[in-house]
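Read the figures in this text as sums done on the coordinates, not as results from a lab. Predicted model only: the values in this text are computed from it and were never measured. Cβ atoms come from the backbone with ideal geometry, glycine included; neighbour counts cover every protein chain shown.
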Amino acid sequence: MCGLGARRAVERLVKEGRVVVDGAVVDDLAFRVPPGAAVSVGGKEVRPGRRFRYVAYHKRRGVLTTTRDPFRRRTVRDDLPRQLRDLKPVGRLDGDTEGLLLLTDDGSFAQRVAHPSFGVVKKYVVDVSGRMTKKDIAALERGVELLDGHMGKVKVDSVERTAAGSTVTVSAGYGRKRMIRQMFAALGHKVKVLRRVAVGPVTLGRLCSGEWRELTEEEVAALGDY
């Protein structure tokens, strides 16, 4: 927050003994700087800029993951209270998908969480028509060709079969447009409900549709470690 680098780079500064708090060198990464303390790095005083915000939001089905829509359809911005409307979605959920969506004004954080190169795992619960077979499960984990020619691949965490169909929990470290829906459709299973329940260590938990909460410092730090 003082513009001195990413988390790992700043940890090195601390370990090297270059951080001074109220005149004393601090090399303990767990040290918490008290409010109002004077902090310097390499002999130069530093101060944090504005504080970023990180929010977990339960996106409702039918709400678009955008801040503006030319067709006046309901967007995430319309669904949020006024104090959160300056935050931007981290990645996307299509309009028919509900569940966990992260919001922030920290561009570097958003890039790290959303970009597939960092491999932040997203978990989904999918209600589909028909009974999933072992062959279907193997196909999902082996990879299914998508309409754009790319392969969609997920890890199947669990399967529950009912008279009405199947409930499948899957995890993916990357995504393409409507990837999960396309994969199940290719296997002959129509997606009835698709809900994202986790992004890395952050879970949807007890957030009801349309509700939100601030991420904890531990959650933000854990996502930053990917």
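For segment 157-226, which GluC sites (Glu not before Pro) pass both filters: DSSP loop (anything but H, G, I, E, B) and at most 13 other C-beta atoms within 10 Å?
Those satisfying the criteria are E211.
Cβ under 13 Å from K155's Cβ, K155 left aside: what net charge do those residues give with Lys, Arg +1 and Asp, Glu -1? Provide the component values of the computation, followed by the final result.
Values: positive: K122, K123, R142, K153; negative: E141, D157.
Taking every other residue near K155 into account, the sum is +2.
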Among Q182, Q83, Q111, which one shows the highest mean-square fluctuation when the chain is modelled as a Gaussian network with alpha-carbon springs under 10 Å?
Q83
HN-Hα J in Hz across segment 168-176 - Karplus 6.51, -1.76, 1.60, θ = phi - 60°, x for Gly and Pro:
10, 9, 10, 10, 9, x, 8, x, 10
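Sorting check: for 138-148, 184-194, 1-11, which peptide has the highest mean count of neighbouring beta carbons within 10 Å, and how do the rest follow? Walk me through the intermediate numbers first.
Values: 138-148: 14.2, 184-194: 17.1, 1-11: 11.3.
Put in order of decreasing packing, that is 184-194, 138-148, 1-11.
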Step through the residues of segment 126-141 one at a time and calculate ³J(HN,Hα) from phi using the Karplus curve (6.51 cos²θ - 1.76 cosθ + 1.60, θ = phi - 60°), rounding each to whole Hz and writing x for Gly and Pro.
10, 8, 10, 7, x, 9, 5, 9, 4, 5, 4, 4, 4, 5, 4, 7
Share (percent) of C-alpha pair distances in segment 182-221 greater than 11 Å works out to 75
Alpha carbon convex hull of segment 146-226, projected area averaged over orientations, nm²
7.1
Rank V21, V197, V159 by mean-square fluctuation in a GNM of the chain with C-alpha springs under 10 angstrom and give only the top-ranked residue.
V21
If neighbour count is taken as other Cβ atoms inside 10 Å, put T169, T203 in order from fewest to most.
T203, T169
Select from segment 51-119 those chymotrypsin sites (Phe, Trp or Tyr not before Pro) which occupy a DSSP coil region and have at most 16 other Cβ atoms within 10 Å, ordered by residue number.
F52, F71
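Whole-Å semi-axes of the chain's equivalent ellipsoid, largest first, each the root of 5 times a Cα gyration tensor eigenvalue? If you can, show how the numbers build up before the last one.
Working: eigenvalues 324, 84, 43 Å².
Semi-axes, largest first: 40, 20, 15 Å.
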